[in-house]
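Encoded as structure tokens, the structure appears first; notes follow it.
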Amino acid sequence: MNESMPDAADRWKLISAILDQALEFPAGERSRFLDKECAQDPDLKREILALLATSEKSPGLLEASFEGWAGTLLREIAGEDSDAETMGIAVGPYRTLGEVGRGGMGVVLLAERADGQFQHRVALKLIKKGLDSEEILSRFLRERQILARLQHPHIARLLDGGLSADGRPYFAMEYVEGEPLTSFCDRRGMGIEQRLGLFLDACSAVQHAHRSLVVHRDLKPSNILVTTEGEVKLLDFGIARLLSAEGGGDATLTQPGPRPMTPEYAAPEQVRGEPATTATDVYALGLVLYELLVGRRPYRLAGLTPPEVEKTILETRPEAPSTLASGSPAENGDQEAEPGAIALRRGTTPEKLRRILRGDLDTIVLTALSKEPARRYSSVEALADDLRRHLSRQPIRARPAGRMYRLKKFASRHRVGFAASALILTLLVAFAITMTIMAGRQLRERRRAEIAGNREKRVRDFLSGMLKAAGPPRLGSDLSVTGTPPQDVTVRQVLEQAARDLGNDLAGQPEVEAAVRAVIGETYFALHLNDAAESQLLASLVIQEKHPENREELSETFVVLGRVLEDQGRLDEAKARLEQALKIMEEGPRKESVATCNVLTDLARIHVAKGDLAGARELIVRALALGQRVERADSPNLLPVLEGHASIMTKLGNKEEAMASQREGVRISRKALGEDHPDTITAVHNLAIGLGNFGKFD
């Protein structure tokens, strides 16, 4: 480098400016552009071409800002010795003890007070030598400004700031001794509920930043530390940005070339170079949650070129976490990534982990990871609220709740009472089965005589007859002399025995058998036994389709089967069954009924799960219009369709329609359920969140 050439920092500014312009040209035209710009300096052209070639070969460069490249270049030119720079130097009232980390524009040092006033260790961030351009100084000071406005127990605190002896700005932060969230949980074998508790602490920190108009933009496990005491701390606001106009905006968002981000945790809009919003942090939290639950990220980016990384992030739809939890072994043979090892670190087995994740947690994670920001949770608080609802076994907001879904959640919340009811049911059905087996043909003949009225009455008599037949047990191997069921008798075993006996007990009564099998199938579904439920419902349909006189019952069986298939994730089959039910209903007397309204709502939910928001909107609008025609204005039967309508309109960005449904839901809840009812409080809470999300803070 001759004497007329600028110093290292100035030369980097020149390289950065030309590199910005070169990246705007297609790859085939860049050389011609550089020939013109670097005509007087061939070395300059070679340096820029080398940087361009490296960025195309190494996906890791997507993580680095131009300042990061500058730091590497300047260290090579100056022969910088990091150990000499970072050990034992004085910075303000602090003395450095060593380097903790190094980024594009600054170095983080462990330091302690050196002025004798008190003993205190801090993490001290100091701008690197040679990187004192106006842009970098502005960015460094903006980070300090952002930290100064954030005061939250789960965010590392800003303690001090100033200038070093050589004029470089620095700031001192709370020093956090901890480890990344994912490894902290893995090393302690934490279960899913414990992991979600820590994740909710991280969500509260991010939500606080959003309320302060700060978007983090680089959320990942290494920036969410957990101390040995189990306290979560959010770190590194180095590439965070203010949402307000304060601070001059975010210049990097409009610059071409690599942007500061970590590809493994980058949202699609970051890859596209679009402005980051709070939805960007929601997406990153979804990725962290995914890894926290199943020990893997949804995308495999290792070894991919930058275009391949971009295509994967923009186009690949992530698998449901429950699918990975018990899926195929790791491709690289890593034993730690095997499903068995992953489940063990969560204190369970692959099959149990899959059951824990399937349903609500799958829905929560995939909603946060929607490719389009408008389809994600509207805020971090909305994401956290659904996680809290899941933990308390309440219906989540991301999943339109049908009656059966609400029933399962109710049973989950009231396990003791439900278990007691199930025990009584087990006892009564066990009595009925025992007496049926012992009484033989005589009892079956008597039962046939009892159900000799209309079909509905015969079905009712059959089921009640099973219970009324219960008497003092006479099989010591199955029931004790006191009438207490043995410990190993389960509802499932009783139902299986009843299902096996149906063919004999109801011989010659196909319509009654079909109805009873439908009831057993629906009971299996309520107990989460989907395979058994499907088997009984299909058997009922076979009989009903041979004797199609009762079209109403046929449509009801199609509806329950559709919900079973949806719960299994078989969306296309579920959609087909629900459409069969809808066709029958619309051709019969129930065309204008709440039952038809509920089927339309179920179909809308299926369309949302399949990513067809336009189809979902058409169905939910039909459902709402029908419900308002057939029900009184204050009927609580309208609440499920209003919730579904508000959810879908929110995802579509139709603010006024969504808020209108939320307000109507609050009005009906208050009138029908009362001001202090939990569902009323939840409806008011959701309305408040919606108003806030749409900027109506007053």
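For the reader, a short list of remarks on this structure follows.
- Enumeration of residues in segment 272-298 that are among the charged types (D, E, K, R), open to solvent by 10 Å² or more (accessible area, probe 1.4 Å) and touching a residue at least 60 places away in the same chain (Cβ under 8 Å): Glu291
- Residues in segment 630-674 that are among the β-branched types (Val, Ile, Thr) and in contact (Cβ under 8 Å) with a residue 40 or more places away in the chain: Val641, Ile648, Thr650.
- Whether a residue is in contact with a helix residue (DSSP H, G or I) (Cβ under 9 Å, 6 or more places away or on another chain), in a helix (DSSP H, G or I), under 27 Å from Asp679 (Cβ atoms) and modelled with pLDDT of 90 or more was assessed, and Ile356 passes this test.
- Residue match in segment 684-696 (condition: under 30 Å from Ala574 (Cβ atoms), open to solvent by 50 Å² or more (accessible area, probe 1.4 Å) and in a helix (DSSP H, G or I)): no
- Listing of strands (runs of 3 or more DSSP E) fully contained in segment 157-218 that carry 2 or more residues being touching an Asp or Glu at 6+ places or on another chain (Cβ under 9 Å): 158-163, 169-174
- Complete set of residues in segment 382-401 that are buried (at least 20 other Cβ atoms within 10 Å of the Cβ), part of a helix (DSSP H, G or I) and among the charged types (D, E, K, R): Asp385, Asp386
- On the stretch given as segment 10-36, residues that are open to solvent by 50 Å² or more (accessible area, probe 1.4 Å), at pLDDT 70 or above and of a type outside the set (Gly, Ala, Ser) total 6.
- Residue list for segment 164-176, filter: out of contact with any Gly (no Cβ under 6 Å at 6 or more places or on another chain) and either surrounded by 13 or more Cβ atoms within 10 Å (Cβ to Cβ) or under 19 Å from Arg102 (Cβ atoms) (or both): Ser164, Asp166, Arg168, Pro169, Tyr170, Ala172, Met173, Glu174, Tyr175, Val176
- Flag if Met659 is assigned to a helix (DSSP H, G or I), open to solvent by less than 60 Å² (accessible area, probe 1.4 Å) and in contact with a Phe, Trp or Tyr (Cβ under 8 Å, 6 or more places away or on another chain): yes
- Asp531 being at pLDDT 90 or above, surrounded by fewer than 16 Cβ atoms within 10 Å (Cβ to Cβ) and assigned to a helix (DSSP H, G or I): yes
- Candidate set: segment 153-184, residues that are aromatic (Phe, Trp, Tyr) and under 21 Å from Val91 (Cα atoms); chosen: the one modelled with the highest pLDDT: Tyr175
- Check on Arg195, farther than 25 Å from Ala111 by Cα, of a type in the set (D, E, K, R) and open to solvent by 30 Å² or more (accessible area, probe 1.4 Å): no
- Listed by first and then second residue, the pairs linking a residue in segment 556-572 that is β-branched (Val, Ile, Thr) to a residue that is open to solvent by 50 Å² or more (accessible area, probe 1.4 Å), with Cβ atoms under 8 Å apart and 6 or more places separating them unless they lie on different chains, are Val559/Arg577; Val560/Glu522.
- Residue in segment 601-621 that is closer than 21 Å to His528 by Cα, open to solvent by 40 Å² or more (accessible area, probe 1.4 Å) and in contact with a Leu (Cβ under 9 Å, 6 or more places away or on another chain) present: yes
- For segment 299-320, a residue qualifies if it is open to solvent by 30 Å² or more (accessible area, probe 1.4 Å) and closer than 27 Å to Thr348 by Cβ, and the qualifying residues are Arg300, Arg317, Glu319.
The values are calculated or read from the model by the stated rules, or taken from the named source; none is laboratory data. Quantities reported herein were computed from a predicted structural model and do not represent experimental measurements. Virtual Cβ from ideal backbone geometry, glycine too; neighbours counted across all protein chains shown. The accessibility values were calculated without ligands, DNA or RNA, using every heavy atom of the protein model including side chains. Shrake-Rupley method; radii C 1.70, N 1.55, O 1.52, S 1.80 Å.
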